[in-house]
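The values are calculated or read from the model by the stated rules, or taken from the named source; none is laboratory data. The shown structure was predicted, so the numbers you read here are calculated from the model rather than taken from an experiment. Methodologically, a virtual Cβ is constructed for each residue, glycine included, from the backbone with ideal geometry; neighbour enumeration extends over all protein chains shown. Quick note on the areas: whole protein, heavy atoms, side chains included, nothing else; ligands and nucleic acids left out. Shrake-Rupley method; radii C 1.70, N 1.55, O 1.52, S 1.80 Å.
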Amino acid sequence: ESASGLGVDVGLTLKPADSLQLRLALGWNDLTLDHAVTSDELLAGDVLFEEGERLNESAETTAGLAADYFFPLGSSRFEGQISGSAHYYTELVSRSAVPGAVVFGRGDDVLNTRLDFTVRSARHWTASVFADNLTNEDNIVRAGPFGFLLFGLSTERPRPRAIGVQFE
């Protein structure tokens, strides 16, 4: 029916020079359920969450750090940009009801990183070379029931390291 608790979100953008922008975001919360949550009566009315437990699939702590550096490319009307970012969040806990059981899954803390180099044209096109998941993070993002009637767990993991080119 409801959840309550304390939480703080802070975002900061700094521009120490015309060509450099830095961003920082931090979040923390202690949100808990004000009442027990039960499954549908068709699923035996099992208790999914007790009063005072954390919300389903909610990270307690999140953090992000990003930087963008812009520069002219020669004497042409092209601009270059180098960007990097890192995003972190704490484990996600998941509970779901399947007939006759409550299925519990727990993810891991996850850190995802990205780096890219972009060329921007005055004619409104961009070309980028990028690398996602630089550290090839393989932790479990979330775990949950596999299928409606099966009792196994499925896991979701970050996309493996990807290096590519993108045109817009």
Looking at 92, 112, 70, which one has the Cα that reaches farthest to the positive end of the dipole of region 1-129 (charges on Cβ: Lys, Arg +1; Asp, Glu -1)?
70
Report, to two decimal places, the Cα Rg of the chain normalised by 2.2 N^0.38 Å (N = number of residues).
1.40
Can you list residues from other chains, or at least 5 along the same chain, whose modelled amide H is less than 5 Å from the amide H of residue 53?
33
Backbone N under 20 Å from the residue 123 label point (7 Å along Cα→Cβ), restricted to region 69-105
72-81
Exposure of residue 163 as accessible area (Å², to 10), given a probe of 1.4 Å and all protein chains:
130 Å²
Part-to-part distance (alpha-carbon centres) for region 113-139 and region 4-25, which is given in Å:
21 Å
Which residues make up the longest stretch of the chain clear of chymotrypsin sites (Phe, Trp or Tyr not before Pro) that lie in a DSSP loop with no more than 11 other Cβ atoms within 10 Å, not counting the sites?
1-124
At a 1.4 Å probe, what is the % contribution of carbon and sulfur to the accessible area of region 1-79?
57 percent
For the chain, report the accessible area per residue in Å² (1.4 Å probe, heavy atoms, rounded to an integer).
63 Å²
If you keep only loop residues by DSSP, which GluC sites (Glu not before Pro) in region 1-94 have at most 10 other Cβ atoms within 10 Å of their Cβ?
1
Report the far tail of the P(r) of region 5-66, meaning the percent of Cα-Cα pairs longer than 16 Å.
62 percent
